[in-house]
Every structure is written in structure tokens, then in C-alpha cells.
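See structure below.
Just so it is clear, none of the values below were taken in a lab; they were calculated from the coordinates. If you're wondering where the values come from, they're calculated on a predicted model, not measured in any experiment. So basically every Cβ, Gly included, is an ideal-geometry build from the backbone, and we count neighbours across all protein chains shown.
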Amino acid sequence: MKKLNSFDFRNNQYYGFDTDKHMHFKQDLGELISDEQWNREVNKYIENMLIKEPYRLGIPELDDITTKMWSNILTIGRLFLKKIINTAPIIINFHQDGDGLSGAMSIYTSLKSMFSSYPIDNLITWLPHKGVNLEQSDIELGSSIASNVSSIEKPLFVIIDFGTTKESNNVINNALEKFDIIWIDHHKIDEFNIPNNYYINPLLFGGKSDYTAGALANVVMHAFSHVDNKELAYISLIADSSIYAPKDKNLLFESQIYDLIAIYPKIVGSSFVTPKIISNLDEYEKKEIYAYSNKRYEELEERAFKIIKKIESNKANLFILDFEKIKDNDPYPPSGKFASYIFWKLESISKKPIILILLTKKFSSVRVSKTIEDIANNIIKNIKEKGILIGGHNLAFSVDNSDEKKKEEIISVIKSAI
Ligand SMILES: [Mn+2]
């Protein structure tokens, strides 16, 4: 049995790390080894733990991208594992949706089963994040939490599934002074500066956003924990409506629960969501949450069908729905999710291909039938030419409609395309 030492300044006591059992233990002070020796042993242990062959999710298009990312994934795995062994404070700042939450769950479940005695609740703080920008307040909160724990390691800040915007650039530069940062994302990176070697995004390796952040976090964790939790990757693909999402009833059920709790943690009596909340749910509670989620979709659907406008045309039927008129105080389901749901309902009862515009105060969610992809591409081109901001992909995208004029322009572009 090879034992390594680590130092815990909180209790002014040495701790050890048992490389056979993957466990920390309180060390007899007589067996101390030097820092240098410790670091050498830690690095040796890490290299042993890393999996040389790329992990496969069983989805060829994604596995292909994983292979291209593998050496970068191992670089991230090395840092992550080093932080864990040296019991550094770790902040997990994850996007507060089904994708971000499943990524956080991958970290939680991998560490739980890899290290039986790892003090996960003392060392890891789970911070759910709304919105797309990394904020200065995230870093400040993270660093005040991290300052409560003393460690031989610089604290680690892990970002999952958000923040790749130009507004995040300054914040990240400040953050790098206080933290080492691992950043796992799959959003566009137009004016964003890649901060370090621990930033990973499938878009940099020829992949698409359909390789979700939760799936990528799952792959990263497996690279050193060997814990096989593919379901979490699949849940994230379903939650983010990835084209690679498996059509499995049980996974769909799980994904809807992740999604609802992430967006509306009050359903389980909490003010914010953490992996522990999810892992503590029993089957009965899950069924209750699932029923609530379905009820919400049905309520909004009933209101939607009362006010939705239908415009018939040659190539497609256009539906316009004002989400502001059907929503209430309960934030679930969010507009984008509901757009996909009602689109699917409309498409299943329509004889022609359809386009749906779902209007909210700030943006429109647009959904287009696959059979008229060419029309969708034209619409996107024409909207961009008008200088209106647009995001997403060709069959499901969001358009800035923050003023009445933009709203009218978008509708008229779509009307003239069909
Ligand atoms: Mn995502």
C-alpha cells in the first residue's frame, strides 16, 4: 500500500492519501514525507489514473470529437485530480439548466464513488448560474467561499455550460489571479478570449453545440475517475435538445426532472439547486416532480391554443404566439423549452411544414420544420442582413426583438419567406 501525505491547514493536521484505496486518511505525524517527494508521488499517481484511450459515449459523431479533444481532456483531468488530492477548495459554477446540472452531477457522482472518504461537502461548493455571462459577483462569491479553506493548492473554479461571451473576458482575467480555472462549454466563442489550456469546447475541434457541456463534463470526469455514468451525458443531450439525444423513455423522464429542478428548485423546497438534492430524491418524489412538470406544460398549452395566431401560406403555415400573455409567476417551463414543446404539438397536427414564432419581451424563439431547412437558412440570412442579433442553429434559433420595430421586421421577413 503506497501512502501519500497532504497537509490540511484547517485543523493543522497532516492527512495522507492512500493510492490503493483512493482515500485520504489522517496521517501519523511520524511518516511525513517532503513536499518534493509528495508532488512526485502525486504526479505519478495521476499519470497512472488517467485513461489513455478516449472514453466512448456510444454516439459515433460525438466519440469522433472526443478523440480529437482527448489530449486536452487529459490536461484538464490532471489539474482536476491534483486539486482533489491536495484538497483544494473547489467552486463549481454551473449553468442553471438541465445541461449544466447534469455536468455538476457527473462531478459529484464520480468523486463520490472514486473517493469514499473525500470530504466533498466541505471542499466543493455548488453555485448554479442564471444567464450567459460570467459575472464579477460569481468570482467574488467564489473567492470568499474559497478563503474559508486553507490548502497547499490554489483554489479551483470550474465553469460549466455558460460564459463564452465577450462580456466575460474581463471577469475571467481578474479571476485567474485568485483561481485556477477549468472551463467546460459548448457555446459560440465569437469575441471571447480563450483563457488557458484548461478551457475546452467541442466547437474548437470541429464539433457542434450539440455536443453538450454536461456530456463533455461526463467525459472529462471519466478520464480520471473511471466511473461510468453515461446516463448523465444522455440526460444532458436530451435537456439541451441535442440532435444526438437518445430517444429513451427513462432518460426522458430523468431529464425532465433535472430540467424542472434546475429551473424551479422550489419544487423540492430549496432556494437553489445542488447535485445533492438530485441524488437524494426517491422514486416517488421523482414521479411527483415529473407529474408537476407535465401539468405545467399542459396548462400553458391550453392557454396557448386560445390565443395562437395561424397564418396559412403556400410552402408552410406560420404560427405566432405571445408568451407574455400565457406565462405566470412560475418560471417553469422557460420560453425556449415551451417553444420546442408547442412546436412539436403543432407539427404533429399540421398537414404542411410549419414555422413557430414565440414572442417574449426580449427575444423571439423560432422553430422550423426540417423539411423546409432551405427556407430557414434564408430567413436567418435576411434577419442578419437587417443587423438584428440572432443565436442558435438553423431549425431552432432566438432573435433579438427588444423593440416593436424589430418584432415587426422579424415577422415580415418570415412571412415573405413562405
Ligand atoms: Mn448547454
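Dipole size in debye (nearest 20) for the chain around its Cα centre, Lys and Arg Cβ +1, Asp and Glu Cβ -1? Walk me through the intermediate numbers first.
On the way: 51 positive and 56 negative charges, 208 e Å.
It works out to roughly 1000 debye.
How far is helix 404-417 tilted off the main Cα axis of the chain, in degrees rounded to 10, range 0 to 90? Relative to the chain, helix 404-417 is tipped by roughly 70 degrees.
Just the number, please: Stokes-Einstein D of the stretch 90-138 in µm²/s, Kirkwood Rh from C-alpha pairs, 4 °C, 1.567 mPa s. Can you show the working numbers first?
Numbers: Rh = 11.7 Å.
Using the Kirkwood radius from Cα pairs, D works out to 111 µm²/s.
Between rounded, prolate and oblate, where does the stretch 217-341 land on the alpha carbon gyration tensor, with a ≥ b ≥ c its root eigenvalues, rounded for a/c under 1.5, else prolate if a/b exceeds b/c? The shape class here is oblate.
Judged by the ratio a/c of the largest to the smallest principal axis of the C-alpha gyration tensor, the stretch 299-417 counts as oblate, that ratio being 1.5 or greater while a/b is no larger than b/c.
In terms of overall dimensions, the C-alpha atoms belonging to the chain reach 83, 45, 39 Å along their principal axes, ordered largest to smallest. Answer with one residue from A239, I355, Y264: the one whose Cα lies farthest towards the positive end of the charge dipole of the chain, charges on Cβ with Lys, Arg +1 and Asp, Glu -1. Selected residue: I355.
Each residue of the stretch 327-337 is assigned a 3J(HN,Hα), and the resulting list reads 7, 9, 6, 6, x, 10, x, x, 4, x, 5 Hz, derived from the Karplus form 6.51 cos²θ - 1.76 cosθ + 1.60 (θ = phi - 60°), x at Gly and Pro. Extension gain, N148 to N169: 0.36 nm times the residue separation minus the Cα-Cα distance gives 4.9 nm. Look at the dipole of the stretch 299-417 built from charges on Cβ: of Y341, I379, A304, the Cα furthest out on the positive end belongs to I379. Between the C-alpha center of the stretch 387-412 and that of the stretch 273-342 there is a gap of 21 Å. For the chain, find the longest principal axis of its Cα atoms and tell me its angle to the long axis of helix 373-385, 0 to 90°, nearest 10. It works out to around 80 degrees.
Within the set K249/K315; K130/K362; K52/K208, which residue pairs have Cα atoms separated by over 26 Å? Too far apart for the 26 Å limit: K249/K315.
Computed from Cα atoms, the angle from the helix 168-178 axis to the main principal axis of the chain rounds to 10 degrees. When only Cα pairs below 8 angstrom with a gap of at least 6 residues are kept, the chain shows a relative contact order of 12 percent.
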